[in-house]
Amino acid sequence: MIKKPWVIALIIVLVVIGGWMWSGYNGFVGQEENVKNKWAQVETTYQRRVDLIPNLVNTVKGAANFEQSTLTAVTEARTQWMGATSRQDKLAAAQNMEGALGRLLVTVEAYPALKATEAYRDLMTQLEGTENRISVARKDYNDAVQLYNVAIRRFPSNVLAGVFGFGQEKPFEAAAGAEVAPTVDFTQ
């Protein structure tokens, strides 16, 4: 029989704390990897959009005497996405692309012959599907970020997260003014 029960109590406490740290660390790693996976899905859907843009631009160029500045903005936004390396750069590039595509689509409304071409309709269907995928991927990413951020901010997990260097992730946020549709004026 052990004559010092406090030794047993100390061992039990250390085992419980060690188990909590092990479990907590592994939980944070799993959630962090889930956030990265969801971001990869966002990137994949953005890449699909980027891959469609040259076809859309060429179709629009070939079907109408089109506003060159709008086509240039779309092409530059695509180039910015292709050159972005960080998550924040890619988010900024994606937001620029959304604005440029919005202006392009509003401008196309003035060209009924373009809207009637089969190639344009097919591309627009693909682009619409891609935009829906982007929306779903963004939501999934934001959900994963929220779960992760809550996990690392709750007490006592926040202590463990701080010890192991787990920091908050930034959710996707729409650009300022994204709720306002672009306007195109052909009277000038």
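The values are calculated or read from the model by the stated rules, or taken from the named source; none is laboratory data. A quick note: this is a predicted structure, and the numbers were derived from the prediction, not measured. Every residue, glycine as well, gets a Cβ built from its backbone with ideal geometry; the counts of neighbours run over all protein chains shown.
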Tell me, which helices (runs of 4 or more DSSP H) wholly within region 112-177 include 2 or more residues that are among the β-branched types (V, I, T)?
118-153, 157-164
Scan K115, K139 and give me the residue that is surrounded by fewer than 19 Cβ atoms within 10 Å (Cβ to Cβ), at pLDDT 85 or above, closer than 30 Å to T70 by Cβ and not polar (S, T, N, Q).
K139
From the option list A73, A100, A94, A9, single residue qualifying as under 15 Å from the mean Cα position of the chain (by Cα) and hydrophobic (A, V, I, L, M, F, W, C) is A94
Cβ pairs under 7 Å, 6+ apart, first in region 25-42 and crowded, with 17+ Cβ neighbours inside 10 Å, second assigned to a helix (DSSP H, G or I) and among the β-branched types (V, I, T)
F28/I152; V35/V145
Just one of L10, L14, L71 is in contact (Cβ under 8 Å) with a residue 24 or more places away in the chain, assigned to a helix (DSSP H, G or I) and of a type outside the set (D, E); which is it?
L71
Considering region 109-128 alone, what residues qualify as being within 23 Å of Q47 (Cα to Cα) and either out of contact with any Ser or Thr (no Cβ under 7 Å at 6 or more places or on another chain) or among the aromatic types (F, W, Y) (or both)?
Y120, R121, D122, M124, T125, Q126, L127, E128
